[in-house]
Amino acid sequence: FPSHDMVEWEGDKASIGRYTTENFSFTTHSISLKKGDSFFLFTVGFCDQFGGTKGKKFLSSRFKQILSSHNKEPMENLGNILCKELENWQGSLNQVDDILVMGFRY
């Protein structure tokens, strides 16, 4: 997908509950949105899920391709599409991590 369709900000690679000292702070990002932009926050759990015909990870590239190819869908439909894709990918394999995907359209 073209780079202008999707912009990615990587979060800090740190668990929220892991750091209790005052010396650690998470990076703050300021993001400007335009009418029609979609915004997603997600954990790595979706991308790290094993499945498919070879029992491999779903991977972030596949996840982002789904978001990109269905970017005109209403958010409710996109949520259902993601659930179905994950279910089909996972098959009979157990979930290996927490999965959270939150999105909104501006």
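The values are calculated or read from the model by the stated rules, or taken from the named source; none is laboratory data. In this text the structure is predicted, and so the values were computed from the model without any measurement. Using ideal geometry, Cβ is built from the backbone for each residue, glycine included, and neighbour counts are taken over all protein chains shown. Heads up: the accessible areas ignore ligands, DNA and RNA and are worked out on the full protein's heavy atoms, side chains in. Shrake-Rupley method; radii C 1.70, N 1.55, O 1.52, S 1.80 Å.
Quick check for me: using +1 on Lys/Arg Cβ and -1 on Asp/Glu Cβ, what's the dipole size of the range 54-106 about its Cα centre, in debye to the nearest 20?
So the dipole magnitude of the range 54-106 works out to roughly 300 debye.
What number, in percent, do you get for the relative contact order of the range 16-90 if the mean sequence gap of Cα pairs under 8 Å and at least 6 apart is divided by its residue count? Spell out each step's value before the answer.
Numbers: 37 pairs, mean separation 18.3, N = 75.
Over the range 16-90, the number comes to 24 percent.
Would you mind checking the pairs Lys13/Lys35; Lys35/Lys84; Lys64/Lys84; Lys35/Lys57 and listing those with alpha carbons more than 23 angstrom apart?
As for pairs spanning more than 23 Å Cα to Cα, those are Lys13/Lys35; Lys35/Lys84; Lys35/Lys57.
Between Ser15 and Asp48, what is the label-to-label distance in nm when each label sits 7 Å out along the Cα-to-Cβ direction?
1.0 nm
So which residue, out of Asn23, Asn77, Asn94, gets the largest mean-square fluctuation from a GNM of the chain using Cα contacts under 10 Å as springs?
Asn23
In whole percent, and with a 1.4 Å probe on the protein chains, what portion of the accessible area of the range 7-106 is carbon and sulfur?
51 percent
Counting only heavy atoms of the protein chains, get the accessible area per residue of the chain (1.4 Å probe) and round it to a whole Å² value.
77 Å²
Excluding Lys56 itself, calculate the net charge of residues whose Cβ lies under 14 Å from the Cβ of Lys56, where each Lys or Arg counts +1 and each Asp or Glu counts -1.
Numbers: positive: Lys54, Lys57, Arg62; negative: Asp48.
Here the count lands on +2.
Once Cα extents along the principal axes in Å is worked out from the coordinates, which option in [x] 35, 32, 22; [y] 44, 37, 19; [z] 45, 35, 24 does it equal?
[z]
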